[in-house]
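**Student:** So that we are looking at the same thing, I have put the structure below in structure tokens.
Laboratory data are not the source of any read-out in this text; all were calculated from the coordinates shown. For clarity, every value in this text was computed on a predicted model and none was experimentally measured. For neighbour counting, all protein chains shown are included, and Cβ atoms are generated from backbone atoms with ideal geometry for every residue, glycine included.
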Amino acid sequence: MNFLSKSALAAILISASTMATAKERYLVHEDHTWVTFSVNHAGWANARGMFRTVSGEINFDQEDVTQSSVSVILEAASLDTNSKQRDRDMAGADFLNSIEFPQITFDSTRIEKTGERTGIVYGDMSMVGVTREVALDVTWNAEFALPWDPSTIKTGFSATTQIDGTDFGINSLVDFGLGPKINVVIDLEAIRQN
Amino acid sequence: MMIVSLILPPLCLGIGLFAVLGFSPRISRHSTLIAIGLLLVAVIHLGLPAFPPISSKHKIIYLLLLICILAPVAQNLPPYRRILLTGLIILTAFFFLNWRRFAFGLPLGPILMSGLTFAIVPTGVAFADRSDKDSFLWPAGLFVTLLSTGLVGLLSGYLGLAQLGIAHAALLGGLLLIPFLGLVFGSRKPIFKIPTDTAWIFLTNFGVLGVMLASFATNLHPAAYCLLLITLISPLGAAYLLPMRPALLTTLVSCAISAIPATGAILIAFSHF
């Protein structure tokens, strides 16, 4: 291998190494994450709720966000709609079927950058055993170290989307005059991993 | 309106089945026709299932299809083999409905309640086979059982199964309605001989629904479920109290005896609601 070839190989390796370090790994901070939803209740009002148990991982490339990825897991039984009886019913076999399908998952497949701090994250959402593509409108809010702990760097996103419950086979929504369109609003904080 | 749309189609289907079976007594596949009726009602309420099935809602349709396929086989089996077949179907239902849950641990409650179903339903089949073939004894008790299963399902947070239980009760009600009215208005003997396999079909059907209820109802009280199983075998009490009595009396007593544990099950489920 001549000198030029070695130099080219070194340049590629350095470049690849730089690219690898540009993508940082973050873990979702559950206590500071709100996965909320609202669904029209027979035209009277919008019923609201949230999932209390959320986990996930973000591989965030600030230089080229299209190279980023995100995966989030919601525990279906952690649903909270401000009524224990309704939570039990919604988590039951007629709706989220949390006994058979305890987790709702989202795994990104591609990301489009739409603005300085905005983008669309496309991904596969799996709920009650059915997987559908969902597009999240995402805004990157901020990233900085905690004022009282400079070693902990936190980043934050907001996202919205709308899904149709019947696309996932939750036809009981219609029987109960719910939705079936479900508006999802996510506010998420994640901590950078060393 | 919702209740009418839930009850009316299966009731009409039951009356239609009576018309076909009652006026064409030479039809050799009685049990298959009744099993197809049960399957049709399930498809109307739960929708066509995906293949391969995704959730228990899809799997129950395939289990009812299995009963349709096995009905003509069961029709010609000696009693002890029918009992074994019933047990096998219930065992299959338990594993088929719950296999996904084995990966993350199945709680003891559903295992015990399904185990009781596995013991009680074949017992019911054994005694139903021995009972008077012309009487309404078992079908009347099964009608009460299915109706109370629907109500317990509703109060236990499983509307889909509640609808199915009530719709299946309506189908059985439709099948029995005209011959029962015949008894009420003077006929000493039933105007239509209830197919001997009706009890087997509905008992096995209950076995599958019972395993589903025990496995997936989020708010099922075990005592309410045990009382449903007692309701299922309550016709034994009527058979013991009223051997060789007029069919009308046997039918009413069978319903009344079955209604005692059924009411208990509903009250427990209601208090736990």
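**Student:** For chain B, find the longest principal axis of its Cα atoms and tell me its angle to the long axis of helix B:198-216, 0 to 90°, nearest 10.
**Tutor:** On a 0 to 90 degree scale, this one is about 20.
**Student:** Which is farthest toward the positive dipole end of chain B among B:VAL121, B:PRO72, B:ASN219, measuring Cα position about the Cα centre, with Cβ charges +1 (Lys, Arg) and -1 (Asp, Glu)?
**Tutor:** Ranked along the dipole, the leading option is B:PRO72.
**Student:** On a 0 to 90° scale, report how tilted helix A:3-22 is relative to the longest principal axis of chain A, with both axes built from alpha carbons and the result rounded to the nearest 10.
**Tutor:** Helix A:3-22 sits roughly 30 degrees off the main axis of chain A.
**Student:** To continue, here is another question. With point charges of +1 on the Cβ of Lys and Arg and -1 on the Cβ of Asp and Glu, referenced to the Cα centre of chain B, which listed residue (B:HIS45, B:GLN163, B:ILE90) lies farthest in the positive direction of the dipole?
**Tutor:** Toward the positive end, the furthest listed residue is B:ILE90.
**Student:** Could you work out the local net charge near A:PHE51, counting Lys and Arg as +1, Asp and Glu as -1, over the other residues with Cβ closer than 11 Å to its Cβ? Walk me through the numbers before you get to the answer.
**Tutor:** Numbers: positive: A:ARG52; negative: A:GLU30, A:GLU75, A:ASP80, A:ASP87.
Net local charge, A:PHE51 excluded: -3.
**Student:** If you count, for every residue in A:89-97, the Cβ atoms of partner chains within 10 Å of its Cβ, what is the mean? All intermediate terms of the calculation are to be shown ahead of the outcome.
**Tutor:** On the way: counts 5, 2, 2, 9, 15, 10, 3, 0, 7.
Whole-number average of other-chain Cβ neighbours for A:89-97 is 6.
**Student:** Now for a different question. Between A:THR53 and residues 5 or more places away or on another chain, which pairs have amide H atoms under 5 Å apart, with H built 1.01 Å from N, and which residues are they?
**Tutor:** The answer is A:GLU75, A:SER78.
**Student:** Would you mind ranking A:ILE153, A:ILE170, B:ILE60 so that the residue whose beta carbon has the fewest other beta carbons within 10 Å leads the list?
**Tutor:** Details: A:ILE153 17, A:ILE170 23, B:ILE60 26.
Going from sparsest to densest Cβ surroundings: A:ILE153, A:ILE170, B:ILE60.
**Student:** At most 13 other Cβ atoms within 10 Å and a DSSP loop assignment: could you name the GluC sites (Glu not before Pro) in segment A:52-140 that fit? Don't jump to the answer; show the numbers that get you there.
**Tutor:** Numbers: sites: A:GLU57, A:GLU63, A:GLU75, A:GLU100, A:GLU112, A:GLU116, A:GLU133; in loops: A:GLU63, A:GLU100, A:GLU116.
Within segment A:52-140, the qualifying GluC sites (Glu not before Pro) (loop, at most 13 other Cβ atoms within 10 Å) are A:GLU63, A:GLU116.
**Student:** Right, next: I'd like the trypsin sites (Lys or Arg not before Pro) in segment B:1-73 restricted to DSSP loop residues with at most 10 other Cβ atoms within 10 Å, sorted by number. Don't skip to the answer; put the middle values down first.
**Tutor:** On the way: sites: B:ARG26, B:ARG29, B:LYS57, B:LYS59; in loops: B:ARG26, B:ARG29.
Passing sites in segment B:1-73 are B:ARG26.
**Student:** Can you find, among A:HIS32, A:PHE60, A:THR109, the residue farthest towards the positive end of the dipole of chain A? Put +1 on the C-beta of Lys and Arg, -1 on that of Asp and Glu.
**Tutor:** A:PHE60
**Student:** Now for a separate question. Which angle between 0 and 90 degrees, to the nearest 10, do you get for helix B:56-75 versus the longest principal axis of chain B when only C-alpha atoms count?
**Tutor:** Helix B:56-75 sits at roughly 40 degrees to that axis.
**Student:** May I ask you to derive the FRET efficiency for B:PHE104 and A:PHE144 from their Cβ-Cβ distance with R0 = 56 Å, giving the value to the nearest 0.05? Let's see the in-between values first.
**Tutor:** Values: r = 39 Å, r/R0 = 0.69.
My answer for the efficiency is 0.90.
**Student:** Could you go through segment B:228-240 in sequence order and give the Karplus-derived ³J(HN,Hα) for each residue, using 6.51 cos²θ - 1.76 cosθ + 1.60 with θ = phi - 60°, rounded to whole Hz, and x for Gly and Pro?
**Tutor:** Using θ = phi - 60°, the values come out as 5, 5, 5, 4, 4, 9, 4, x, 4, x, 5, 5, 6 Hz.
**Student:** Could you list the residues of segment A:134-150 with an amide nitrogen less than 13 Å from a label point located 7 Å from the Cα of A:THR109 in the Cα-to-C-beta direction?
**Tutor:** Backbone N within reach: A:134-136.
**Student:** Got the relative contact order for segment B:2-271 handy, in percent, Cα pairs under 8 Å and 6 or more residues apart? If you can, show how the numbers build up before the last one.
**Tutor:** Working: 388 pairs, mean separation 76.0, N = 270.
Here the relative contact order equals 28 percent.
**Student:** Count the lysine pairs in the protein assembly as shown whose Cα atoms lie under 21 Å apart, taking only pairs 8 or more positions apart in sequence or on different chains. Could you put the intermediate results ahead of the total?
**Tutor:** Values: A:LYS23/A:LYS113; A:LYS23/A:LYS154; B:LYS133/B:LYS189; B:LYS133/B:LYS193.
Going through the protein assembly as shown pair by pair, I get 4.
**Student:** Note the direction-averaged projected area, equal to a quarter of the hull surface, for the Cα convex hull of chain B, in nm². Kindly include the intermediate steps, with their values, before the conclusion.
**Tutor:** Working: hull surface 54.9 nm².
The number I arrive at for chain B is 13.7 nm².
**Student:** State the volume of the convex hull built on the alpha-carbon positions of the protein assembly as shown, expressed per residue in Å³ and rounded to an integer.
**Tutor:** Details: hull volume 92.0 nm³, N = 467.
Hull volume normalised by residue count: 197 Å³.
**Student:** Scan chain A and report its longest stretch carrying no chymotrypsin sites (Phe, Trp or Tyr not before Pro) that are both in a DSSP loop and have at most 11 other Cβ atoms within 10 Å. Write down the numbers at each step before the final one.
**Tutor:** On the way: sites that count: A:TRP44, A:TRP148.
Answer - A:45-147.
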